[in-house]
Amino acid sequence: QVQLVESGGGLVQAGGSLRLSCAASGRTFSSYAMGWFRQAPGKEREFVAAIDWSGVTYYVDSVKGRFAISRDNAKNTVYLQMNSLKPEDTAVYYCAKVRSRYSIATTVTEYDYWGQGTQVTVSS
């Protein structure tokens, strides 16, 4: 069983920054890719960023150059640094663990464990 706990959300003005953290339980954290997704009201959950077991990163085009995903395997934690935030970044942000070891994915169905979500609100 894996538990994921996000933190770091909040209210920020446009142009500001936030850093999300996701603490994971489990001994094999380093073998799995981790992802961040977000869901705005009335919209489907969408991929934001992922980092594989070796540290290679992937981003949705809308956040490239503004967001950075990283991981600290010693702390079983994955981070999402969000800079130059825009009102359209407002959503509940979720971290998730990919289903299969040594694989990477950008779709919701390829992730099997999810955190409870943390609200990010960007005011204009």
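The values are calculated or read from the model by the stated rules, or taken from the named source; none is laboratory data. Because the structure is a prediction, the values reported are computed rather than measured. Neighbour counts run over all protein chains shown; Cβ positions are idealised from the backbone, glycine included. We work out accessible area using only protein heavy atoms, side chains counted, and drop any ligands, DNA or RNA first. Shrake-Rupley method; radii C 1.70, N 1.55, O 1.52, S 1.80 Å.
Here are some notes:
- Total residues in the stretch 40-88 satisfying the condition of being assigned to a strand (DSSP E or B), open to solvent by 20 Å² or more (accessible area, probe 1.4 Å) and not β-branched (Val, Ile, Thr): the figure is 10.
- Options Leu11, Leu18; residue that is among the hydrophobic types (A, V, I, L, M, F, W, C) and open to solvent by 60 Å² or more (accessible area, probe 1.4 Å): Leu11
- Any hit, the stretch 103-118, residues being surrounded by 13 or more Cβ atoms within 10 Å (Cβ to Cβ) and within 19 Å of Val12 (Cβ to Cβ): yes
Here's the yes/no breakdown for (1) free of Cβ contacts under 8 Å to residues at least 60 places away in the same chain; (2) hydroxyl-bearing (Ser, Thr, Tyr); (3) within 17 Å of Gln119 (Cα to Cα):
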{"position": "Arg27", "(1), (2), (3)": "yes, no, no"}
{"position": "Ala33", "(1), (2), (3)": "no, no, no"}
{"position": "Phe37", "(1), (2), (3)": "no, no, yes"}
{"position": "Ala40", "(1), (2), (3)": "yes, no, yes"}
{"position": "Gly55", "(1), (2), (3)": "yes, no, no"}
{"position": "Gly65", "(1), (2), (3)": "yes, no, no"}
{"position": "Leu85", "(1), (2), (3)": "no, no, yes"}
{"position": "Glu88", "(1), (2), (3)": "yes, no, yes"}
